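Enquirer: Before I ask anything, here is the structure I am working with.
The values are calculated or read from the model by the stated rules, or taken from the named source; none is laboratory data. All values reported here derive from a predicted model rather than from experimental measurement. Reconstructed Cβ throughout: ideal geometry from the backbone, glycine too, with neighbour counts over all protein chains shown. Surface accessibility is based on the protein's heavy atoms, side chains included, excluding ligands, DNA and RNA. Shrake-Rupley method; radii C 1.70, N 1.55, O 1.52, S 1.80 Å.
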Amino acid sequence: MYKVINGKLVLPDGIRENMDLYIEGNRISAVVPHNILPADAEKDGPVAELDAENCYVSPGFIDIHSDYIENVLSPRPNMMMDMASSFLECDKILCGHGITTMFHSISFCENAVWELKPVRKTENAEKLVTLIRNSEKDGCFIRHKFHARLEVTSVHDEPLVRKLLEQNQVDLLSFMDHTPGQGQYRDLETARTKMQEYGKVSGRQEFQQYLESLKNEQRLSLEQLSGLTRLAEQHHLAVSSHDDDTPQKVDLVQQLGATVTEFPITEEVAAYAKSRGMYTLAGAPNVLLGGSHCGNLNAAEAIIHKNIDMLCSDYHPAALLHAVFIMAEKYKQDLGQMFNLITINPARAVRIDRDFGSIEKGKVADLVIISRRHDGIPFIKKVIVDGTIAADYTIRTGNRER
């Protein structure tokens, strides 16, 4: 047993000072006022201390949507690095950003219109799923989960996703549709520009020909999607929808069994999903950039209006930490509530909140100790996973260390 002292604890009811956090094994055994000794604290001798040095002590960050692993595996188009060693490097990077539970968003969309990185080929996606499932026994700094993203036009991938669900290999299921004219690319001019950037079309004429070809495109049926959500529910998994752009789309995906809407296109859609009892997710990079790179929902505004419940890193792991402090300092939101966007709220959405997401007695001791640089920029000082220090950082400034 040991205790964390002198920290600003991010607790469910707010940020509290003069509290001690006791850890026994991999669980939180007590959260008590400073110098109040829990009954069993010294049963095995004196309790060791970890001094948080007046830093914030937050629950470990829970990231339920990120394809960052793709950037590590495929740092350049049409190339793949070694998968096993890249996965280990990604594990270290994520730990350094305070992410203690990562839901890797692995896409099954081999016939995608947009950029198809090598890692998104079905056989490579399967290999990556195997690495995720074996990560605990292979040894990693953090825990890794599998978020299966199925493009509704990838009809040939449906049997594989079904098999993975049946084998209890999936931790979160989502459906996405990147067809131009709706969702993320509902504006056709934006879609055409993006397709030209990716080299998929050469100009307006070829783009129009592509739109015509969509009339004959195969898509997963509502019956197939509903069947997958029923399988997910049998394994107590959450199901999410991607880029919902109308209230009617929200109604449809909810009827199919979705409980989370990822990246709602407008704040009106996000508000409607909230009114229907769904969880809403936005990207933390949206907060850092001051808005959507596609001209869609402004995450900061939606958070202020309480229409967004959660943030994910999407493609930039550092964004989670910085978005929380930006929301508190630039937009004057309560800091403790902003931490909820990346801790307990996503834990609830993906149904792991019994063990993760908050600093409470009995929960797994996943913690992040956060300091501030001289210019106010927050940085991760220590990361604790399963009660053990997984990362410990010292900033060097001249001859001083802190």
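Enquirer: Charges on Cβ only, +1 for Lys and Arg, -1 for Asp and Glu, centred on the Cα centroid of the stretch 213-297; of Thr259, Gly227, Gly295, which one is farthest towards the dipole's positive end?
Expert: Positive-most Cα among the choices belongs to Gly227.
Enquirer: Taking the C-alpha atoms of the chain, how large are the radius of gyration and the largest Cα-Cα span, Dmax, in Å?
Expert: 21.9, 78
Enquirer: Using Cα positions and a limit of under 24 Å, work out the lysines in reach of Lys137, with same-chain residues fewer than 8 apart set aside.
Expert: By straight Cα distance, Lys137 reaches Lys92, Lys127, Lys145, Lys163, Lys363, Lys382.
Enquirer: Straight-line reach only, C-alpha to C-alpha below 16 angstrom: list the aspartates and glutamates that Lys121 could link to, leaving out same-chain residues fewer than 8 apart.
Expert: Excluding near neighbours in sequence, the set is Asp67, Glu70, Asp82, Glu110, Glu151, Asp157, Glu158.
Enquirer: Any idea what the alpha-carbon Rg over 2.2 N^0.38 Å comes to for the stretch 215-373?
Expert: Numbers: Rg = 16.7 Å, N = 159, 2.2 N^0.38 = 15.1 Å.
Compared with the compact-globule rule of thumb, the stretch 215-373 sits at 1.10.
Enquirer: Within the stretch 22-96, list the GluC sites (Glu not before Pro) lying in a DSSP loop whose Cβ has at most 11 other Cβ atoms in a 10 Å radius.
Expert: Numbers: sites: Glu24, Glu42, Glu49, Glu53, Glu70, Glu89; in loops: Glu42, Glu53.
Filter output for the stretch 22-96: Glu42.
Enquirer: Per the Cauchy relation, a quarter of the hull surface: what is the mean projected area of the convex hull of the alpha carbons in the stretch 1-156, in nm²? Provide the component values of the computation, followed by the final result.
Expert: Values: hull surface 48.8 nm².
That works out to 12.2 nm².
Enquirer: Pairing the Cα long axis of helix 222-234 with the longest principal axis of the chain, what angle in degrees results, from 0 to 90 and rounded to the nearest 10?
Expert: It is inclined by approximately 20 degrees.
Enquirer: GluC sites (Glu not before Pro), restricted to the stretch 305-402: which are DSSP loop and have at most 14 other Cβ atoms within 10 Å?
Expert: Working: sites: Glu329, Glu360, Glu401; in loops: Glu360.
The qualifying sites are Glu360.
Enquirer: Sticking with this one: So what's the gap between the Cα centers of the stretch 63-133 and the stretch 284-302, to the nearest angstrom?
Expert: The distance from the Cα centre of the stretch 63-133 to that of the stretch 284-302 comes to 24 Å.
Enquirer: Have a look at Val57, Val47, Val269 and tell me which one the Gaussian network model of the chain (Cα, springs below 10 Å) gives the largest fluctuation.
Expert: Of the options given, Val47 has the highest mean-square fluctuation.
Enquirer: Follow-up question, since we're still on this one. What nm value, rounded to one decimal, do you get for the distance between Gln248 and Arg354 when each label is placed 7 Å out toward the C-beta?
Expert: 4.0 nm
Enquirer: Taking amide hydrogens as modeled 1.01 Å from N in the peptide plane, which residues meet the under 5 Å criterion relative to Gly98, leaving out close sequence neighbours?
Expert: Amide H neighbours of Gly98: none.
Enquirer: If the stretch 248-317 were replaced by its equivalent ellipsoid, with semi-axes equal to the square roots of 5 times the Cα gyration tensor eigenvalues, what would those be, largest first, whole Å?
Expert: 20, 12, 10
Enquirer: Take Tyr315, Tyr272 and sort them by solvent-accessible surface of the protein heavy atoms, 1.4 Å probe, largest at the top. Walk me through the numbers before you get to the answer.
Expert: Details: Tyr315 90, Tyr272 65 Å².
Ranked from most to least accessible, the order is Tyr315, Tyr272.
Enquirer: For labels at Ile389 and Glu223 in the simple 7 Å Cα→Cβ model, what's the distance in nm?
Expert: Between Ile389 and Glu223, the label points sit 6.0 nm apart.
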